[in-house]
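First the structure, in the form of structure tokens, and then the observations on it.
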Amino acid sequence: MSQATETETGTSEDGRIESVSGPVVVATDLGARMNDVVYVGDEGLMGEVIEIEGNRTTIQVYEETSNVAPGEPVENTGEPLSVDLGPGMLDSIYDGVQRPLDVLEDRMGAFLDRGVDAPGIDLEKHWAFTPTVEEGEDVGPGDVVGTVPETESIEHKVLVPPGHEGGTVESVAEGEFAVEDTVVELDSGETVSMYQEWPVREARPTVDKQTPTTPLVTGQRIQDGLFPLAKGGTAAIPGPFGSGKTVTQQSLAKFSDADIVVYIGCGERGNEMTEVIDDFPDLEDPNTGKPLMSRTCLIANTSNMPVAARESCVYTGITIAEFYRDMGYDVALMADSTSRWAEAMREISSRLEEMPGEEGYPAYLAARLSEFYERAGYFDALGDREGSISVVGAVSPPGGDFSEPVTQNTLRIVKTFWALDADLAERRHFPAINWNESYSLYRDQLDPWFEEEVASDWAAVRQWAIDTLDEEAELQEIVQLVGKDALPEDQQLTLEVARYLREAFLQQNALHDVDAYSPPEKTYLIMGAIKTYHDEAFAALDAGVPVEEITSIDAAPRLNRIGTTEEYEPFIEEIESDIEHQLGDKY
Amino acid sequence: MKEYQTIEEVSGPLVFVEIDEPVGYDEIVEIETSAGETLRGQVLESSEEFVAIQVFEGTTGIDREASVRFLGETLKMPVTEDLLGRVLDGSGQPIDGGPEIVPDERQDIVGAAINPFAREYPEEFIQAGVSAIDGMNTLVRGQKLPIFSGSGLPHNDLALQIARQATVPEEDEGSGEDDGDGSEFAVIFGAMGITAEESNEFLADFERTGALERSVVFANLADDPAVERTITPRLALTTAEYLAFEKGYHVLVILTDMTNYCEALREIGAAREEVPGRRGYPGYMYTDLAQLYERAGRIKGREGSVTQIPILTMPGDDDTHPIPDLTGYITEGQIMMDRNLNSQGIAPPINVLPSLSRLMDDGIGEGLTREDHGDVSDQLYAAYAEGEDLRDLVNIVGREALSERDNLYLDLADRFESEFVQQGYDTNRDVGETLDIGWELLSTLPRTELNRVDEEHIETYYREDVDTGVAGESENESEGSADADEAAAD
Ligand SMILES: Nc1ncnc2c1ncn2[C@@H]1O[C@H](COP(=O)(O)OP(=O)(O)O)[C@@H](O)[C@H]1O
Ligand SMILES: [Mg+2]
């Protein structure tokens, strides 16, 4: 988090604690503004002003408040909750208020103690700055003045900050600098360094938003194939515990073709973050071959960490995402889980004794959710550049019931809905995305891309798969009553084809080295192979071959092994030709 | 230390006191009643003139004359290795008549959160000796894996079986087989609101097996104060963390019954007139439970580990009830007990379908358990689920109307319950045995059905000698019931 310093204007005044109740502290005589950061009590715990009523200021505290007592001082920084922006955020792991967890471990050991603050980026570290402007050039907000090799995969662009007036470059430096050092001076008297600060609750400015037309390729068959997400799009993954929200989010973080990934563990398990910290450095981005961590920023505010910081962590994350968007990158942000953020809002709201809305959530729940998802999009950034933020939010509905407020309010906003299903998860059909309930409103606008880049009949084959699955759903209802053998042969065959769609196409094992990532070409070829089986099988049926003979050919079950086969192209060719021969021989 | 006689209000488990010097949030309070009894409590809300106190032992006997002392610190647990072998009440006072406990340290019972950066990812296989767990929902060191049960189901028998049998295979080498002392775990047992009978069952078993020497028991029983239940698990976990992270023990913490703990939270919330969340439980129950469950784990560079097996009884056997629901959202899976299986005599009556171990994947496989483990488990899941589905259909159309393939799956589902899950509470199966039973079942299906198993493993383990179809059926039925008889005889 930003090392907020006291403003010299003298408007800020220190106050005293009047009462303490969990993460909520009330102070008196504190001359603070809404959302100012304050330091609470003798230990100086970080907090944020969330309500002002006469002389009483209510503060949400980002650390445990045990033993904090009325009468202790509250110090105002006079600055809103902000993040530090600059090189060094990638390959980092932060808590909900951007304190680097590795630095905290160094300072206080394995357990998170209180009252320790640390800047979000290393202020001492020197970076190699290469200017891209010369003296005499005119620059304005958002213009690139130089670059810094931030990680192996990402070139960090140093921008004129949004608030600057801009002007003519008077001097520019080159070489190794700390982030706060001035690298460019303008005739307006303004200076530019590699460091910026930005209040988390405010979206960074852009010029315009466009309709997204490029997919965020996820490497997940059901997602790319049936319910694609756009770069700059929004998606929700709701599901009960154990249905696969986290595994899906992690797969997206590993395999999607974003330039930058911001992964927020909001109020979830500690070990899940540890897993990411352990695994990512050893994994490669399949799109670039570079280490995954070098494009990733992690934010971990686990369920046992202070609840107020759970409320702020999504804002910290999206602000960091916006900063890289401003550089012209495609950023993907995963928030696991947005329900914990909503619950943190509810918890704080109830301590404020606000009038509760539906299920105790504050009345502003819907507004906060839509403000957040609005920060996603495909943007014309300042400085004549395009960049995008795709947001994928996990939702954890109580009892798995999607009619609850967080799921419902989220669904009103997002355009892609990946509905997880406990029943599928129980039978270990993963990803347990229910294909009857899920949807993507981006499908039509993304089809041209898939048709251009992957296969010209992409949309047609997909439609065939969807129709077959729909037909299966209808037939299954009849089977539940009379059994499969009572169906006419063609319908039995449809069920068999649909089974392969489920097992060979929709299922994808995120824990299998090869299967975990399915490039769009493979996704398409698997769909195509099943369609070949379908076409050949129905031809055989028409020629009078009994259905048992058709379904018992040994080439068909091999369809289920394509996913886990690395050299899938020859394998698929062989299966298709075997299917043709084995069925052709029968008539 | 200032003493007040300014109690303004007593309401349920809460006492409101007027004060004139500031008191810290969460601070410990002693209240002396006019009858001379000393009760302990904790500050729930602190303002300049008033504090709200939650009294652990309940407020019975408190009147406005009672005197209130603020101890100036938060609740601490006196910890030492000497706690091993001791039985304490739900507030941490010895009740076994043993010597006074001389603490090594006094630790805050609200444990600080482990920095996720400092955690070591848990991946050491614990062999519970129970097929439904080892084979299908493997437990690892440092995991939190609750048992979701219902009233009257044998969750205690299962918990005890795990406590008795749990071993970490590689480290077990050299130690004699079947010496009845396979576990190298220190066991912390935290009882909240269970009956004296249940508690005795645990203690008797600990004594019988000699486990008591490496156990610490915290017992808050059904007739002990309800509010005390909110601190019992914290005392237990503080002790566990100390033994694990400072003394290098591998600690297994059994907490039972979490449902009683949550009821106590609800009672306090109601007394404070808080806006209730779902079904009257406090809105912060997720956070509160997370502060217990997340205290399981491993830490980089430290020897020991804290593994948690919390037990909860689902009200109305409903897994969407807030207690199991919020628990499942925090824990690393769940073991689900099933009333139907129980009435069929399956012991332990674990329904593997809704059960899950999220940490299984990294704890199993080549070099850890066996290379075919993951595939066998996946395939058994899929096959059992398919057989389960068909049972409904059979009731409508009868077996004859089903295809041959369907019949194979139906048989497999039956045998899975009667041979794989069924084992009784005294049988300790090693993981190889468990997987072999799995292969015996899978081999009743044609090879081509095993689409989740690597072809190499099919080559190695698929058994051609296994009967499929009708002949196998009757044979297995008798085998299954023999097992059940054996278990019943225990
Ligand atoms: N795509 C997948 N492939 C394989 N296993 C999966 C997949 N998705 C989920 N799982 C399994 O389901 C378990 C629960 O998934 P998780 O994402 O943690 O659920 P949630 O976050 O919804 O509680 C995982 O531990 C894993 O075993
Ligand atoms: Mg999850």
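Table for the structure above
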quantity: Helices (runs of 4 or more DSSP H) wholly inside region B:333-443 that include at least 3 residues being more than 16 Å from ligand 2 (Cβ to nearest atom); calculated: B:339-343, B:373-397, B:404-415, B:431-442
quantity: Count of residues meeting criterion [in contact with a helix residue (DSSP H, G or I) (Cβ under 6 Å, 6 or more places away or on another chain) and without any contact (Cβ under 8 Å) to a residue 60 or more places away in the chain] in region B:17-74; calculated: 0
quantity: In region A:239-270, the residues that are of a type in the set (A, V, I, L, M) and more than 16 Å from ligand 2 (Cβ to nearest atom); calculated: A:258, A:260, A:261, A:262
quantity: Condition met for residue B:345 (surrounded by fewer than 24 Cβ atoms within 10 Å (Cβ to Cβ), of a type outside the set (S, T, N, Q) and either in contact with a Leu (Cβ under 9 Å, 6 or more places away or on another chain) or modelled with pLDDT under 95 (or both)); calculated: no
quantity: Positions within region B:269-314 being modelled with pLDDT under 90, surrounded by 19 or more Cβ atoms within 10 Å (Cβ to Cβ) and part of a helix (DSSP H, G or I), in sequence order; calculated: B:269
quantity: Unmet requirement for residue B:343, which otherwise passes all of (1) hydroxyl-bearing (Ser, Thr, Tyr); (2) over 30 Å from residue A:265 (Cα atoms); (3) within 12 Å of another protein chain (Cβ to nearest Cβ); calculated: (3)
quantity: Residues being among the hydrophobic types (A, V, I, L, M, F, W, C) and within 13 Å of another protein chain (Cβ to nearest Cβ) - total across region A:233-268; calculated: 4
quantity: Residue in region A:279-288 that is at pLDDT below 95, more than 23 Å from residue A:327 (Cβ to Cβ) and within 16 Å of ligand 2 (Cβ to nearest atom) present; calculated: yes
quantity: Residue among B:349, B:322, B:315 that alone is of a type outside the set (Asp, Glu), more than 10 Å from every other protein chain (Cβ to nearest Cβ), away from ligand 1 (no atom under 16 Å from the Cβ) and touching a helix residue (DSSP H, G or I) at 6+ places or on another chain (Cβ under 6 Å); calculated: B:349
quantity: Region A:384-420 - residue that is outside any helix (DSSP H, G or I) and within 15 Å of ligand 2 (Cβ to nearest atom) and, of those, nearest to the other protein chains (Cβ to nearest Cβ); calculated: A:396
quantity: Unique match (being under 30 Å from residue A:159 (Cα atoms) and crowded, with 21+ Cβ neighbours inside 10 Å) among A:97, A:40, A:49, A:74; calculated: A:97
quantity: Condition check for residue B:393: in contact with a Phe, Trp or Tyr (Cβ under 8 Å, 6 or more places away or on another chain) and either over 20 Å from residue B:128 (Cβ atoms) or buried (at least 20 other Cβ atoms within 10 Å of the Cβ) (or both); calculated: no
quantity: Answer residue from region A:385-413, given it is within 22 Å of residue A:208 (Cα to Cα) and surrounded by fewer than 24 Cβ atoms within 10 Å (Cβ to Cβ) and is farthest from ligand 1 (Cβ to nearest atom) among those; calculated: A:385
quantity: In region A:336-352, residue nearest to residue B:272 (Cα to Cα) [restricted to those that are within 16 Å of ligand 2 (Cβ to nearest atom) and of a type in the set (Asp, Glu)]; calculated: A:343
quantity: Pick from region A:428-452, criterion among the hydrophobic types (A, V, I, L, M, F, W, C) and within 14 Å of chain B (Cβ to nearest Cβ), ranking: surrounded by the most Cβ atoms within 10 Å (Cβ to Cβ); calculated: A:432
quantity: Residue match in region A:338-361 (condition: closer than 30 Å to residue B:452 by Cβ and either within 14 Å of another protein chain (Cβ to nearest Cβ) or within 16 Å of ligand 1 (Cβ to nearest atom) (or both)); calculated: no
quantity: Which listed residue is within 16 Å of ligand 1 (Cβ to nearest atom), farther than 25 Å from residue A:156 by Cβ and touching a strand residue (DSSP E or B) at 6+ places or on another chain (Cβ under 9 Å), from A:242, A:219; calculated: A:242
quantity: Subset tally (residues that are out of contact with any helix residue (DSSP H, G or I) (no Cβ under 7 Å at 6 or more places or on another chain) and within 13 Å of residue B:262 (Cβ to Cβ)) for region B:292-312; calculated: 0
quantity: Spans of helices (runs of 4 or more DSSP H) in region A:245-335 with at least 3 residues within 16 Å of ligand 1 (Cβ to nearest atom); calculated: A:245-255, A:270-279
quantity: Residue in region B:361-368 that is more than 30 Å from residue A:273 (Cα to Cα), without any contact (Cβ under 8 Å) to a residue 40 or more places away in the chain and more than 16 Å from ligand 1 (Cβ to nearest atom) present; calculated: no
quantity: Failed item, numbered, when residue A:502 is tested on (1) over 22 Å from residue A:439 (Cβ atoms); (2) surrounded by fewer than 21 Cβ atoms within 10 Å (Cβ to Cβ); calculated: (1)
quantity: Any hit, region B:322-337, residues being surrounded by fewer than 21 Cβ atoms within 10 Å (Cβ to Cβ) and more than 20 Å from residue A:510 (Cβ to Cβ); calculated: no
quantity: Output for region B:15-38, where each listed residue is more than 9 Å from every other protein chain (Cβ to nearest Cβ) and buried (at least 22 other Cβ atoms within 10 Å of the Cβ); calculated: B:15, B:17, B:29, B:31
quantity: Hey, residue A:68 touching a Phe, Trp or Tyr at 6+ places or on another chain (Cβ under 7 Å), buried (at least 24 other Cβ atoms within 10 Å of the Cβ) and not in a loop (DSSP other than H, G, I, E, B) or not; calculated: no
quantity: Qualifying positions in region A:46-85 - aliphatic (A, V, I, L, M), over 14 Å from residue A:312 (Cβ atoms) and within 13 Å of another protein chain (Cβ to nearest Cβ); calculated: A:68, A:69
quantity: Single condition residue A:150 does not satisfy, out of (1) out of contact with any Ser or Thr (no Cβ under 7 Å at 6 or more places or on another chain); (2) without any contact (Cβ under 8 Å) to a residue 24 or more places away in the chain; calculated: (2)
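The values are calculated or read from the model by the stated rules, or taken from the named source; none is laboratory data. Model, not experiment: these values are computed from the prediction. Note that we place each Cβ from the backbone using ideal geometry, even for glycine, and neighbour counts take in every protein chain shown.
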